[in-house]
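Let me give you the structure first, and then I'll get to my questions.
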Amino acid sequence: MKSVLFVCLGNICRSPLAEGIARHLERGVVFDSAGLSGYHRGEKPCKGTQEIAQKHHISLEGITSRPIAYPKDDSFDLIVCMDSQNYEDLLERGFSKEKIKKLGDFGFGGEDVPDPYYYVGLEGFERVYVMISEGVKNLLESIKEGK
């Protein structure tokens, strides 16, 4: 069974939303998420992420922030990060370059998924939801096609 780890900075906005969307769309793949920092260890996704997920009927049940761990998390088949800085940080920590992809590589021409944590209101979270949802759908299609 394929396994995918979604990664962002704090694991409270983008990566838990990606994990929730992926779980909603696909049952035959193992999904998890983690953050490059441990600032929010054990916390639930942030309020904006929870509100956007609820609006779109996406469950975030059981998802809490955790810091990424090397080499344990390098066992995932695919590590999908949200932006270029995440990508560089993963490489610096020793993760396999062949396994790391940016979610934007599965749509949006490789564009970074911005961190909505710094937006005021839900508009930024909605924009990020659209990007993550599209990227996850394309990622899952790629997995089904064996790419």
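From the list Gly107, Gly124, Gly146, exactly one residue is modelled with pLDDT under 95, buried (at least 16 other Cβ atoms within 10 Å of the Cβ), under 19 Å from Glu26 (Cβ atoms) and of a type outside the set (D, E, K, R). Which is it?
Gly107
List the number of the failed condition for Ile68; all other conditions in (1) β-branched (Val, Ile, Thr); (2) surrounded by 24 or more Cβ atoms within 10 Å (Cβ to Cβ); (3) under 24 Å from Lys144 (Cβ atoms) hold.
If we test Ile68 against (1) β-branched (Val, Ile, Thr); (2) surrounded by 24 or more Cβ atoms within 10 Å (Cβ to Cβ); (3) under 24 Å from Lys144 (Cβ atoms), just (3) comes out false.
Same structure, new question: How many residues does the stretch 98-147 contain that are farther than 19 Å from His56 by Cα, among the aliphatic types (A, V, I, L, M), outside any loop (DSSP other than H, G, I, E, B) and without any contact (Cβ under 8 Å) to a residue 40 or more places away in the chain?
Residues in the stretch 98-147 being farther than 19 Å from His56 by Cα, among the aliphatic types (A, V, I, L, M), outside any loop (DSSP other than H, G, I, E, B) and without any contact (Cβ under 8 Å) to a residue 40 or more places away in the chain: 1 in total.
Identify, from the list Asp115, Asp32, Asp74, the residue that is over 13 Å from Arg14 (Cβ atoms), acidic (Asp, Glu) and touching a Lys or Arg at 6+ places or on another chain (Cβ under 8 Å).
It is Asp74.
Also, quick follow-up: Could we say that Ala34 is touching a Gly at 6+ places or on another chain (Cβ under 9 Å) and among the hydrophobic types (A, V, I, L, M, F, W, C) here?
Spelling it out, it is not the case that Ala34 is touching a Gly at 6+ places or on another chain (Cβ under 9 Å) and among the hydrophobic types (A, V, I, L, M, F, W, C).
Please determine whether any residue of the stretch 29-44 is in contact with a helix residue (DSSP H, G or I) (Cβ under 6 Å, 6 or more places away or on another chain) and assigned to a helix (DSSP H, G or I).
No, every residue in the stretch 29-44 fails to be in contact with a helix residue (DSSP H, G or I) (Cβ under 6 Å, 6 or more places away or on another chain) and assigned to a helix (DSSP H, G or I).
The values are calculated or read from the model by the stated rules, or taken from the named source; none is laboratory data. The shown structure was predicted, so the numbers you read here are calculated from the model rather than taken from an experiment. Note that each Cβ is placed from the backbone with ideal geometry, even for glycine, and that neighbours are counted across all protein chains shown.
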